[in-house]
Amino acid sequence: CSFKHARFLLRGPHTWVHQFPIAQSSRQSPVDLRSSETHFDAKLQPLNYDDKATSSRMLNNNGLSFKLSFDDSSDPCVLNGGPLDGDFRLNQLHMHWGCDKLPGSEHIVDGNAYAAELHMVHWNSSKYSSMQQAVTQPDGLAVIGVFIQVGKEHEHKELKKITDLLPKITNEGSKIELSGLNPLLLLPSSTAYWTYLGSLTTPPLHESVTWIVMKEPLSISKQQGRRCC
Ligand SMILES: CNS(=O)(=O)c1c(F)c(F)c(SCCO)c(F)c1F
Ligand SMILES: [Zn+2]
């Protein structure tokens, strides 16, 4: 991600509409998840997620955050069930965070933001042949959003495997291998979720995402959180 792109992102979403008119469309994310406007849908199935260790590459993608990329060609980590039709392969995960007392989650709940939000990005491998093809399609992507709050350290230590490596990739473009991560253990113990049809939250803002936002947040320690800003 060039400095120009990072500067573009830092100008803020209110400027994106000039280059990406879709920003004014009705299917844009993130949203305020208002309890009074949600309803229980008995037709929704439980989420089904592979329970296995994977190998991945961790990259400081823009000097401001990290991206963990997975090899989705062989032996992928697959998500199905919930609101989804077909299989969705895990392609990457990344985090949106604030700093110190500033919250950084993209979605908010009844007007309240969380310290950070983990995004696990999957593409529809039952209908499309690659992430690049799926990212522009209305049923192309499924992103699991997991809120993160500062509290006791994450019990599974899975998040610790990620935060422990952050100090090793402080420069833009630096990368490190991370094997043995089980993405299932990044999900909270409660399987309750909200779901809605939305978009990428950064340009090009494609309206291709079925969002699955977990209701229960994960907790990280203050020490771990300090590595994120
Ligand atoms: C801004 N978070 S996000 O979860 O909306 C998100 C994202 F940041 C990405 F980088 C990609 S990868 C394809 C576009 O480059 C993606 F599919 C996403 F859904
Ligand atoms: Zn994201």
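The values are calculated or read from the model by the stated rules, or taken from the named source; none is laboratory data. The structure presented is a predicted model; accordingly, all values stated were derived computationally and were not measured. We place every Cβ from the backbone using ideal geometry, glycine too, and count neighbours over all the protein chains shown. Side chains are part of the model used for accessible areas, which takes the heavy atoms of the whole protein and leaves out ligands, DNA and RNA. Shrake-Rupley method; radii C 1.70, N 1.55, O 1.52, S 1.80 Å.
What the table shows:
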item: Loop sites in region 107-173: trypsin sites (Lys or Arg not before Pro), DSSP, at most 12 other Cβ within 10 Å; result: LYS152, LYS157
item: With every protein chain in place, the chain: carbon and sulfur % of accessible area (1.4 Å); result: 51
item: Förster radius 35 Å - calculated FRET efficiency between LYS101 and SER25 (Cβ-Cβ, nearest 0.05); result: 0.60
item: Candidates per trypsin sites (Lys or Arg not before Pro) in region 66-107, loop by DSSP, up to 16 other Cβ within 10 Å; result: LYS101
item: GluC sites (Glu not before Pro) within region 69-167, DSSP loop, no more than 14 other Cβ atoms inside 10 Å; result: GLU155
item: Mean separation of Cα contacts under 8 Å, 6 or more apart, over the residue count of region 71-180: relative contact order %; result: 19
item: Surface/4 of the Cα convex hull for region 12-68, nm²; result: 7.7
item: Accessible area (Å², per residue) of the chain, counting only protein heavy atoms and a probe of 1.4 Å; result: 51
item: Contour minus Cα-Cα distance for LYS43 and SER190 (0.36 nm per residue); result: 51.1 nm
item: Gain upon complete extension [LYS168, ASP51; 0.36 nm per residue less C-alpha separation]; result: 39.4 nm
item: The chain: C-alpha gyration tensor shape, a/c 1.5 cut-off, then a/b vs b/c; result: rounded
